[in-house]
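First comes the structure, then the notes that go with it.
Values quoted throughout were computed directly from the atomic coordinates according to the rules given, and no laboratory measurement underlies them. What you are looking at is a predicted structure, and each value in this text was computed from that prediction instead of being measured. Counting neighbours? That spans all protein chains shown, and the Cβs are built from the backbone with ideal geometry, glycine included.
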Amino acid sequence: MSIKNKSILLLLLGTIFWGMTFVFIKDAVSLISVAGFLGYRFLLASLVLGLIFIKRLRKINWETFKNASLLSLPLLFSFLAQTIGLQYTSASKGGFITGLSVVFVPIILAIIQKQIPSINILIAVVLATSGLSLLTLGSKIEFNIGDSWVFLSAILFAIYIIMVGKYSKKCDGVLLSLLQFLLVGIVCIVYAGINGDLYVPTQYKLWQAILFTALFATAFMYTVQNYYQKYISEITTSIIFSFEPLFAAITAYFYLNEALTERTIIGGLLIFCGILFAELKWKDLKQMVIK
């Protein structure tokens, strides 16, 4: 198997893991506090990365620690908002709304750079907004409180993606991830301890969620992304990642028996199309059609 095909398969596997996390998180937060769950998840992920890349630890310097500290802030609050939101909304809706971060990235960049968004971004906004409306709005024009938290998480994660592009260029990607996970884990554990919500989990379902999200969706996926993404194009990578909300909906259907209503399917497909339009330029779309 070529390195390119291997990269595609591993990134696709990791994207499936990302989509599945919404189901496990929804289960976990019914048994433990949000801060406690995130603390265990990120500390375990940092420990695993530290053991795997133990020889790299000596390369940690002040610049890497400083950049990791800055990146840990939007990462922390994004995961907090997402995990809180999943207490009140479905896993499938959470997955689709989280996917909007891909649409928010170019919008935020356009605002920062004081530029008018390109036509594909405008189309993406229309499609994503239409899909979001179908997913979240009922007879009343209002967000479910869980949808609102996950929506905030998508914005924060978009900011995180932009910051990664700025701060990761001069640092070891694995060490940057490891330190971020460690800092987020420590903050969450300390907060849970202060609130009296910290305890050693004993439930099987809770450990299942902690181990899955820490090992597969965090330590595995971020390591794969850091190492293998350089072997394929950004377009191919973005298309692979855009399948995350679909995997979330499929997993929720089989694991939690969440109904895939007509509104959910159509709304999810509109958001999915919006994500693709946000990532692909007109010339890329033409090339894909020609090929």
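To the nearest 500 deg cm²/dmol, what mean residue ellipticity at 222 nm is calculated for the chain from DSSP H runs of n ≥ 4 alone, each contributing -39,500 (n - 2.57), summed and divided by the residues? Calculated at 222 nm, the ellipticity per residue is -24500 deg cm²/dmol.
Measure up K4/K205; K4/K166; K93/K169; K59/K230; K6/K59 against 30 Å on the Cα-Cα distance and list the ones that go over. Long pairs (Cα-Cα over 30 Å): K4/K205; K93/K169. Among L43, F79, Q113, whose Cα lies farthest out toward the positive end of the dipole of the chain, if unit charges sit on the beta carbon of Lys, Arg (+1) and Asp, Glu (-1)? So the residue we want is Q113. As a length-normalised measure over Cα pairs under 8 Å and 6 or more apart, the relative contact order of the chain settles at 42 percent. Averaged over residues, the count of other Cβ atoms within 10 Å places the peptides 108-119, 166-177 in the sequence 166-177, 108-119, highest first. Largest GNM mean-square fluctuation among Y160, Y222, Y255, using the chain with Cα springs under 10 Å: Y255.
Please report the projected area of the chain's Cα convex hull averaged over all directions, in nm².
16.9 nm²
For the stretch 3-290, the dipole from Cβ point charges (+1 on Lys and Arg, -1 on Asp and Glu) about the Cα centre works out to 940 debye, to the nearest 20. Taken one residue at a time, the phi angles of the stretch 117-125 give Karplus couplings (6.51, -1.76, 1.60, θ = phi - 60°) of x, 5, 5, 5, 5, 4, 5, 4, 5 Hz. Gly and Pro are set to x.
Normalise the Debye intensity by I(0) for the stretch 1-71, one equal point scatterer per Cα, no solvent, then take log10 at q = 0.15, 0.22, 0.23 Å⁻¹ and round to two decimals. Treating every Cα as an identical point scatterer, log10 I(q)/I(0) equals -0.83, -1.08, -1.08.
Put +1 on the Cβ of each Lys and Arg and -1 on the Cβ of each Asp and Glu in the chain; which of Y204, M1, S130 then has its Cα farthest toward the positive end of the dipole? Farthest towards the positive end: M1.
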